[in-house]
Structures are given as C-alpha cells and as structure tokens.
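Beneath this line is the structure, given in structure tokens, with notes to follow.
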Amino acid sequence: MTVFWVLLAAVMGHLVLYPLWMGWLGRRPCNDTQCWADTPAVTLWIPVYNDAAVLEQKLRSVLAQDYRGPLSVVVCLDGCADDSQAIVADLQHDFAQRGRALRVLDHRTNRGKLYRLNQQIARQRDPILILSDCSAWLPAQCVTAVVDGLAQPGRGVVTASYGHSADQGQSSYWRLLNGIRRGESQLGAAMGGTGALLAFRKAALAPLPPGTINDDFVAVLQAMGRGYRAALLPDLCVQDLNRNDGGQFAKQRRRIGAGNLAQLPLLWSLLPRMTWPQRIVALLGKGLRALLPLIALMMFVSTGISAFTAQAPEWAMLLTGAQVLFYGLPHVVRVPGPWRVFSLGLQHSLVGQLAYLSGWRPAWMGGTQEFQPFVVRQSKRLLDIVAASLLLAVTLPLWPLVALAIRLDSPGPILYRQMRVGRASADFIRLFWLLKFRTMSVDNDAIALGWTQKNDPRITRVGRWLRATRLDELPQLLNVLKGEMSMVGPRPERPAICGQLEQQLPFYQERTYEVQPGLTGLAQIHQAGDTSLSDVQTKLFYDHAYAASLSGLGSYLRMEGWIALKTAYVVFTAKGH
C-alpha cells in the first residue's frame, strides 16, 4: 500500500496544490502595455473536415471581426465529403463585400490536420498566424485581442479561454482549466493552448514532428523551446459550437490522453531551453497531467490487490469500493457534471494511452497503426543496452589479446572504421561509422567493391579466425550502446553497395525501414558472407521476415531469443563466415 499513498500524494499535488498555486498567480494583474508600430498582417487558418454543421456559423463569426488591419482567411478543406465546399462558396461574396481575403484550399484527399498545418507553416508569410478549429465561435474582438497580446516583448504564443455552453460538466472542467492557465500565463508558460484559438508570431513557428497527436500543445512547446513565452488572454473566450455528444467526447479524450503521453519525450528534451518557471510548470502541470490516467490505474490495482489478500485491512476494501463507484456510476446513473467529465475523461484517456503504448492507431487518434508498437521499441532498446553492457564487460579482457594478435599478424590499425547505412525512415536515412577489429590487409581492403570470395586473399590469418568466431564484431557493442545499431537486426551495408543493390533488388533499402541494423540477425545466422547477388536476395527475405516479427511483443521476444541462441552456437562452434 506504500505505492498507493505515494501515488495519491502525486495526484493531490497535481489536482489540489497546483491549481491553488496557479489560481493565486492568476489573480495578479496582467500589464500588457506594448503596441505594434504598424498594424501587422494576420492569417487566420481554419481546418475543415466534414464540418458542414458548424462551418457557416464559424465563418460568420470571422466576418464579424473588428480588426482594422490586413486579415487573410484560409479555409483548408481536407478531403471533405459533405456540403462544406458549397457553404464556403455561398459566403465568398460576403467576404468580398467586407474587404476580407478568403482563400479556399480544396484538397480532394484527407491527409489530416498535422499534414495540412505543416503545409501552412511552410508557406506562412504574414507576421501572425492564428489557428482556429471549425467548431469554435470567435467573438468580434478576437483578432484584435490576439494581435495586441502578441505585441508584448518576448511573447510568441497566445491562446484564449475556452467554453462549452452545451455541456455543463465540460463547462465546469474548462473553467477550472482556464483558471490554471491564467496562472501559468503569469510565468510565460501557458502549457498547451486550445485548438479553438492559438496564435503565433511567425518566428515562433516550427514544423511539427511526424506522429504528433496533440498539435496545439506541441506547437506551443516548440515555441517555448525557442525562447518565447506563451500567454492566455484572460478577457477573451471562444465557445465550442458542437452539441454535447458522448461519442465525440470519448474520441477527444482518448486522442488527448494518447497525445499527452506521446509528447513527454519532447517535453523532457526541451526542458534545458526553458526558463525555470517554465520547467516547473512543464513538470508539475502538463507532465503529471499526462501520467494521471496511468497513475489512477496503478492506484486502483494497488488497493485492489491489498483488498483481496487474506488479512485485508478494512480501509483497503473501502478505498477499492470507492474507486469502483467513482469510475462505475457515471456509466449507469446520472451523476453531477464535473464528476462525470472527470471520471469518464480519465477512463477514456487511459484507453488512449494504452492504445498508444500498444502501437494501435485507430481513427480517433488521427493515424494508422505503427510498424513497431511502442512496447516493442522500448523493450528492444532496453535489451540492447543490457546485453551490450554485459557482453562488453565479459569480453573486454579479450580485447588486448585480439589487438596483439592483429598487430603481430599484419601491419595496420587494430580497429577498422567504415561508414555504413543505418535506420531509414520516411524523412531520412541515417549513416554511422561502424567499428570492427580489422580482418583484412590494409592494401587490399580498398579493392573495388565486390563480393567476398571463399578463401578471400584479402583476409589475414588472424582475420579468418576472428570472422569464424565473430570476435571481429565485438567493437560494434559500442555502436549498440550509442544507439546506432541493435544487437539483432539486418547487416549494416556500405552506402555505395546499398545504391547498387537498390537498383537490382526491389525493396532492398526497406529492410532497414524503422529497423536498426544489427550485430547479428536472422540472415546472418542462416547464411555466411555474400558471394553473389543470389546470396543477398536470400538474406533480404530473412531481413524482412525479422522485421515482420517486430509487429508484436510475443513474436519479437520469441524471434530475439531464438536468434541469440543460434548466434551463441555459431560463435562457440566457429561456424561464422
């Protein structure tokens, strides 16, 4: 039960002490006194995907804006299959009469908000970009207030309070969250705006990384990492136009829960670039909020285990029963709005986070299933570090003996360093310097690229023995610890040879797509060095078969264990190439 009380303390700190601190800070006056020397041009970007039910109300709220400067409205229709295009066409005349520029980007294919937003960031020219979801109604003074808010020195992002008039439970939740953000704003760290209204200086914008789920938070976090402050405009409130929809609420909370968890590595990496107040807010606010669903699950499991022990204390059973009622009653009876929103929100967020950890990417998360589930990627890296560290410690006494044998056998360096092709992705192919004990004579290693031959004259006497026992691969343990290689994976190849083979063998380069090359692998234990194109083709089948095993934790562990045993057999029987 110690675990439960520690987790409860963390929860109370986040849900009670942190809101009280932020509420106190939020009551301090906000002194925004700076103004722009010239009225800046503003772009208002509205993403639309089958939002015909609210699109006209949205655009009429944009038409009512009282901003006196240049305002360009960009409506991004992302593969809409409803009447959205016709609604925009009907209102174009009204925009022309008001002297407002209305640009319609009618994309036939749905690529998602992240993709379209990155396109807008790339072509952004105006000093200010406002992002506003189609479901958000904007008050008439909205653009003017945003421009005034961004005039303050050092401020790169502003957002607004958010309301949901159709759902009293959500309305209460957002009043609490708006109060917290007012306090965070005083520290220049309004962590995560709302997609209803988020505005940036152009210099604070950066393309969002692939796989981003909560774009509104990541965009703000990146701006803070660039040295800008983020603020909430306390007197500006936007309203959600959507009706209360339980299904929509569930999808939203699942997506946000998954996104909160996915953003933690980025948040951690940007901490050194933030001010100390921003770091505190990042850790105690958004950081703990991201972990809250998992903490709630661990608390429930902890009390549940204690309640069903032979001598269970009464308070353990009471705590378990209280949690069952807290999470279960909103599903069967009508409970107060804040209770319903918080309880169901936690549960839906937990579903989203478990889906993210498993690698499942349903439609509500805005993506497709990843090639390697999160749990496989993390398990593989953990095993790589443990195995490489243990092997390095065990074999380190052999290194001086191997080095001496190489030096006595032939002139030249002991270690051989060569550039190899590493993990590939949709955006880049990683190159790294591979380390090995030298097994070829120095003069012959530079011979034109060709297949290794049986009894290859380039291989030294010691080198032949090192290759047979695989001891020449030991320095690659350093590559594994650096994250350039894995213990198991496809054989890393030279860039020039990769270019040649890619032209001769379909899907050759895909063998390292999102897969680290390995010190050993399925192909390496089945076949010795490549002596022909046919050998490479056979290995290619093995490499893709190994990649397929990474789609699930069970298949990965079985494959990894079998390859490890087979590799040990090859090493101890000296049946390497």
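Arrange the peptides 259-266, 515-522, 344-351 so that the one whose residues have, on average, the most other Cβ atoms within 10 Å appears first.
The packing order, highest mean first, is 515-522, 344-351, 259-266.
Given a Förster distance of 35 Å, report the FRET efficiency between residue 317 and residue 339 from their Cβ-Cβ distance, rounded to the nearest 0.05.
It comes to 0.95.
Can you bin every Cα-Cα distance in region 71-201 into 10 Å intervals starting at zero and give me the percent of pairs per bin, rounded to whole numbers?
Final binned percentages: 10, 35, 36, 18, 1.
Determine, from the Cβ-Cβ distance of residue 391 and residue 419 and an R0 of 30 Å, the FRET efficiency 1/(1 + (r/R0)^6), rounded to the nearest 0.05.
Step by step, r from the Cβ atoms, then E = 0.80.
Which angle between 0 and 90 degrees, to the nearest 10, do you get for helix 495-504 versus the longest principal axis of the chain when only C-alpha atoms count?
With rounding to tens, the tilt is 90 degrees.
Would you tally the net charge around residue 183, using a Cβ to Cβ cut-off of less than 9 Å, leaving residue 183 out, and scoring K and R as +1, D and E as -1?
That sum, taken over residues with Cβ under 9 Å, equals +3.
Lysines near residue 539 by alpha-carbon distance under 19 Å, same-chain residues fewer than 8 away left out - which ones?
List returned: 454, 566, 575.
For region 1-159, what's the radius of gyration and Dmax over Cα atoms, in angstrom?
Expressed in Å, the Cα Rg and Dmax of region 1-159 come to 20.2, 68.
Suppose each label sits 7 Å from its Cα in the direction of the beta carbon; what would the residue 555-residue 503 distance come out to in nanometres?
The answer from the label model is 3.4 nm.
Of all the Cα-Cα pairs you can form in the chain, what percent are over 43 Å apart?
For the chain, the fraction of Cα-Cα distances above 43 Å is 38 percent.
Between beta-carbons, use under 14 Å as the cut-off and find the net charge around residue 39, counting Lys and Arg +1, Asp and Glu -1.
Cβ neighbours under 14 Å give a net charge of -3.
Can you compute the FRET efficiency between residue 408 and residue 526 using 1/(1 + (r/R0)^6), with r the Cβ-Cβ distance and R0 = 25 Å? Round to the nearest 0.05.
Efficiency at R0 = 25 Å is approximately 0.15.
Please report the projected area of region 190-253's Cα convex hull averaged over all directions, in nm².
Orientation-averaged projected area of the Cα hull: 5.5 nm².
Please list, in order, the residues from region 470-507 whose amide nitrogen is less than 20 Å from a point placed 7 Å along the Cα→Cβ vector of residue 533.
Only 493-507 pass the distance filter.
Using Cα positions and a limit of under 18 Å, work out the lysines in reach of residue 251, with same-chain residues fewer than 8 apart set aside.
113
Please give the length that would be gained between residue 327 and residue 514 if that part of the chain were fully extended, namely 0.36 nm times their separation in residues minus their C-alpha to C-alpha distance (nm, one decimal).
Length gained, residue 327 through residue 514: 63.4 nm.
Quick one: length gained pulling residue 478 to residue 442 fully straight, 0.36 nm per residue minus the C-alpha distance?
Length difference between fully extended and current span is 10.7 nm.
Keeping all protein chains in place and using 1.4 angstrom, which order do 161, 555 fall into by accessible surface area, from largest down?
555, 161
Give me the number: length gained by fully extending residue 564 to residue 41, i.e. 0.36 nm times residue separation minus the C-alpha to C-alpha distance, one decimal in nm.
182.1 nm
Leaving ligands and nucleic acids out of the surface, order 498, 30, 80 by accessible area at 1.4 Å, largest first.
30, 80, 498
What value, in deg cm²/dmol to 500, does the helix sum -39500 (n - 2.57) over DSSP H runs of n ≥ 4 give at 222 nm once divided by the residues of the chain?
-16000 deg cm²/dmol
Taking every pair of distinct Cα atoms and averaging 1/r, then inverting, what Kirkwood hydrodynamic radius in Å comes out for region 221-339?
18.0 Å
Scattering from the C-alpha atoms of region 466-577 alone, worked out with Debye: what is log10 I(q)/I(0) at q = 0.10, 0.23 1/Å?
So the normalised log intensities work out to -0.28, -1.48.
Compute the label zone of residue 428 within region 114-128: residues whose backbone N is under 11 Å from the point 7 Å along Cα-to-Cβ.
Those under the cut-off are none; the list is empty.
The values are calculated or read from the model by the stated rules, or taken from the named source; none is laboratory data. Owing to the predicted nature of the structure, the values given are computational and were not obtained by experimental measurement. Note that each Cβ is placed from the backbone with ideal geometry, even for glycine, and that neighbours are counted across all protein chains shown. Side chains are part of the model used for accessible areas, which takes the heavy atoms of the whole protein and leaves out ligands, DNA and RNA. Shrake-Rupley method; radii C 1.70, N 1.55, O 1.52, S 1.80 Å.
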